[in-house]
1. Here is a list of conditions, (1) surrounded by fewer than 20 Cβ atoms within 10 Å (Cβ to Cβ); (2) not in a loop (DSSP other than H, G, I, E, B), and residue 181 meets all of them except one; can you say which number that is?
2. Considering each residue of the stretch 184-204, count those that are assigned to a helix (DSSP H, G or I) and not β-branched (Val, Ile, Thr), and give that number.
3. Being assigned to a loop (DSSP other than H, G, I, E, B) and farther than 20 Å from residue 107 by Cα is the filter here, so list the residues in the stretch 223-256 that pass it.
4. Can you pull out the residues in the stretch 138-185 that are among the aromatic types (Phe, Trp, Tyr) and in contact with a Gly (Cβ under 6 Å, 6 or more places away or on another chain)?
5. Can you report the number of residues in the stretch 29-44 which are part of a helix (DSSP H, G or I) and touching a residue at least 60 places away in the same chain (Cβ under 8 Å)?
6. Looking at (1) at pLDDT below 95; (2) touching a strand residue (DSSP E or B) at 6+ places or on another chain (Cβ under 9 Å), which one does residue 49 not meet, given that it meets all the others?
7. Which condition number in (1) within 17 Å of residue 224 (Cα to Cα); (2) at pLDDT 95 or above; (3) out of contact with any Ser or Thr (no Cβ under 8 Å at 6 or more places or on another chain) is the one that residue 62 fails?
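The values are calculated or read from the model by the stated rules, or taken from the named source; none is laboratory data. None of the values given here were measured: they were computed from a predicted structure. Virtual Cβ from ideal backbone geometry, glycine too; neighbours counted across all protein chains shown.
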Amino acid sequence: MNLFASYFGTGLAGFVALFICLYLMSLVLLFSTGLVMTELNKRHPERRIQKRQPTHEALRDIRSSLKQLSITSVCLSIGLFAQMKGWTLFAPVALSWWSVPLFFVISLMLHDTWFYWGHRILHTKMFYRFHKPHHMTVTPTVWSNDAGSSVDTLFAHTYYALVLFIVPIPPLVFLGHRIFDQVSAAIGHCGFEHFASPTARKPWPMLCTLYHDQHHQYFVYNYANYFSFWDRLCGTIHPTYDDKVHGFEEVYASQRNGGEAVAAASDKD
């Protein structure tokens, strides 16, 4: 029996219970990630990406996020519930040493593709009005990720409702992807760069916080979610991204060298 079915059942009450648990999980991730990153930002003010200060209240974003996370949780509940009921084309693959990493990466890549092209559509004249509330935040904060319109949220997260109908992703792997998405996206909006590294710039496809921060600054660059390959392939990556990542790496190196120098001087004393 499907793991989630054994806990929640396959009736309407089971769907409601699954939704409630997923929504509460999302809230825990929202506030725990937000508080941790807020404290980390306070400790490293020199890592602020934009000189411009945020012009909106965190409470506004949090109130919006409470609503949007309920929509995301419904989407995730639909996908997992359909898989529990056997409505999908394929039963989920069993958990194993190879299926967990393989399907986690597959799900990330599929969602990144879904997100990139949906995001591009949201930036067209016809649909931008639905995305504009999210872009009112030019200088994002850790609370900004989920704030926006319901249509905006559906463009990004109907993936969770639909993909399990055709891809046999193990439910725990799918849930792990959702947790990763929530945490990484909050970090991607936190406004401070803590994770710049060679793997976050060319030739590697990974990202750091600067990537999405530049999207909020310049609007027409860096549409992807987890990887840079769609933006690089389509010519929509910001031209300064790779150089600025390298610049933050030099900031980290300078801080480390300074700390080592202070420690050495202390030892001599």
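1. In the conditions (1) surrounded by fewer than 20 Cβ atoms within 10 Å (Cβ to Cβ); (2) not in a loop (DSSP other than H, G, I, E, B), residue 181 misses (1) alone.
2. Taking the stretch 184-204 as the starting set, the residues that turn out to be assigned to a helix (DSSP H, G or I) are 184-188, 198-200.
After this cut, where a residue has to be not β-branched (Val, Ile, Thr) as well, the list is 184-186, 188, 198, 200.
The qualifying residues number 6.
3. Within the stretch 223-256, the subset assigned to a loop (DSSP other than H, G, I, E, B) is 223-228, 235-240.
Correct list: 235, 236, 237, 238, 239, 240.
4. Let us first name the residues in the stretch 138-185 that are among the aromatic types (Phe, Trp, Tyr), namely 143, 155, 159-160, 165, 174, 180.
Listed by number, the residues that qualify are 143, 155, 160.
5. Residues of the stretch 29-44 part of a helix (DSSP H, G or I): 29-43.
Going one step further and asking which of them are touching a residue at least 60 places away in the same chain (Cβ under 8 Å), we end up with 29-30, 33-34, 37-38, 40-41.
Qualifying residue count for the region: 8.
6. Every listed condition holds for residue 49 apart from (1).
7. (1) is the only condition that residue 62 fails.
Residues are listed down the side, and each one gets a yes or a no for (1) in contact with a helix residue (DSSP H, G or I) (Cβ under 9 Å, 6 or more places away or on another chain); (2) without any contact (Cβ under 8 Å) to a residue 60 or more places away in the chain; (3) crowded, with 18+ Cβ neighbours inside 10 Å:
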| position | (1), (2), (3) |
| --- | --- |
| 188 | yes, yes, yes |
| 193 | yes, no, yes |
| 196 | yes, yes, yes |
| 211 | yes, yes, yes |
| 219 | yes, no, no |
| 230 | yes, no, yes |
| 239 | no, yes, no |
